[in-house]
1. Checking the conditions here, which among 118, 104 is touching a residue at least 40 places away in the same chain (Cβ under 8 Å) and on the phi > 0 side of the Ramachandran plot?
2. Scan the stretch 29-50 residue by residue and report those that are over 19 Å from residue 113 (Cα atoms) and either charged (D, E, K, R) or in contact with a Gly (Cβ under 6 Å, 6 or more places away or on another chain) (or both).
3. Would you point out which residue out of 17, 93 is closer than 19 Å to residue 118 by Cα, in the same structural domain as residue 129 (by TED's automatic domain parsing), out of contact with any Cys (no Cβ under 7 Å at 6 or more places or on another chain) and touching a residue at least 12 places away in the same chain (Cβ under 8 Å)?
4. In the same structural domain as residue 4 (by TED's automatic domain parsing), hydroxyl-bearing (Ser, Thr, Tyr) and over 23 Å from residue 130 (Cα atoms) - does that describe any residue in the stretch 47-55?
5. Only one of 69, 82, 65 is small (Gly, Ala, Ser) and not in a loop (DSSP other than H, G, I, E, B). Can you tell me which?
6. Using beta carbons and a limit of 9 Å, which pairs, at least six apart or on different chains, have the first residue in the stretch 24-45 and modelled with pLDDT of 95 or more and the second one among the basic types (Lys, Arg) and exposed (fewer than 15 other Cβ atoms within 10 Å of the Cβ)?
7. Find the residue count for the stretch 29-61, including only residues that are of a type outside the set (Phe, Trp, Tyr), surrounded by 13 or more Cβ atoms within 10 Å (Cβ to Cβ) and assigned to a strand (DSSP E or B).
8. Return a yes/no flag: does the stretch 92-110 have any residue that is in a strand (DSSP E or B), modelled with pLDDT of 95 or more, surrounded by 15 or more Cβ atoms within 10 Å (Cβ to Cβ) and within 15 Å of the chain's Cα centre (by Cα).
Amino acid sequence: MTKPIHTMIRVLDEQKSIDFYNRAFGMRIADRFAFDGFTLVYLAGEESPFELELTINHDRTEPYALGDAYGHIAYVVDDLDAEHQRFQTEGLSPLPIKAFHREGTLMARFFFVQDPDGYKIEVLQRHGRYR
């Protein structure tokens, strides 16, 4: 059996990224490992064992080019409207809430936000297949 355990993103400013993921999603440092040329920071939330691994390359001074292959990370929440308001209050600049319908039925309600490095993050209302 296989089990996904983390996804990794490269970030420029460790503290800005930790602050963003803490304020936005309640993720806290689960582990931090400093090496000669880079640092790995594992962030975890309370509701899921899945972790976000931040890789900070010490000699990096320019933002990463995200390219056109990266899509997004997704989080699910119980109250999308309240979370959207909280993101606005936190100054996290969420995009407007959107609804996605398929065959006349609501498939998803969501909004997007970007982290300090420009990674797109989808925040979905807990509903249907998004549990």
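1. Values: 104 fails: touching a residue at least 40 places away in the same chain (Cβ under 8 Å).
Within the list 118, 104, the selection yields 118.
2. 31, 32, 36, 46, 47
3. Details: 17 fails: in the same structural domain as residue 129 (by TED's automatic domain parsing).
It is 93.
4. Filtering the stretch 47-55 for residues in the same structural domain as residue 4 (by TED's automatic domain parsing) gives 47-55.
Subset that is hydroxyl-bearing (Ser, Thr, Tyr): 48, 55.
In the following step, the residues that additionally are over 23 Å from residue 130 (Cα atoms) were identified as 55.
Yes.
5. 82
6. Going by the 9 Å Cβ cut-off, the qualifying pairs are 39/32; 40/32; 41/32; 42/32; 43/28; 44/28; 45/28.
7. Residues flagged as of a type outside the set (Phe, Trp, Tyr), surrounded by 13 or more Cβ atoms within 10 Å (Cβ to Cβ) and assigned to a strand (DSSP E or B) within the stretch 29-61 amount to 15.
8. Taking every residue of the stretch 92-110 in turn, at least one turns out to be in a strand (DSSP E or B), modelled with pLDDT of 95 or more, surrounded by 15 or more Cβ atoms within 10 Å (Cβ to Cβ) and within 15 Å of the chain's Cα centre (by Cα).
The values are calculated or read from the model by the stated rules, or taken from the named source; none is laboratory data. These figures come from a predicted structure and were not determined experimentally. Note that we place each Cβ from the backbone using ideal geometry, even for glycine, and neighbour counts take in every protein chain shown.
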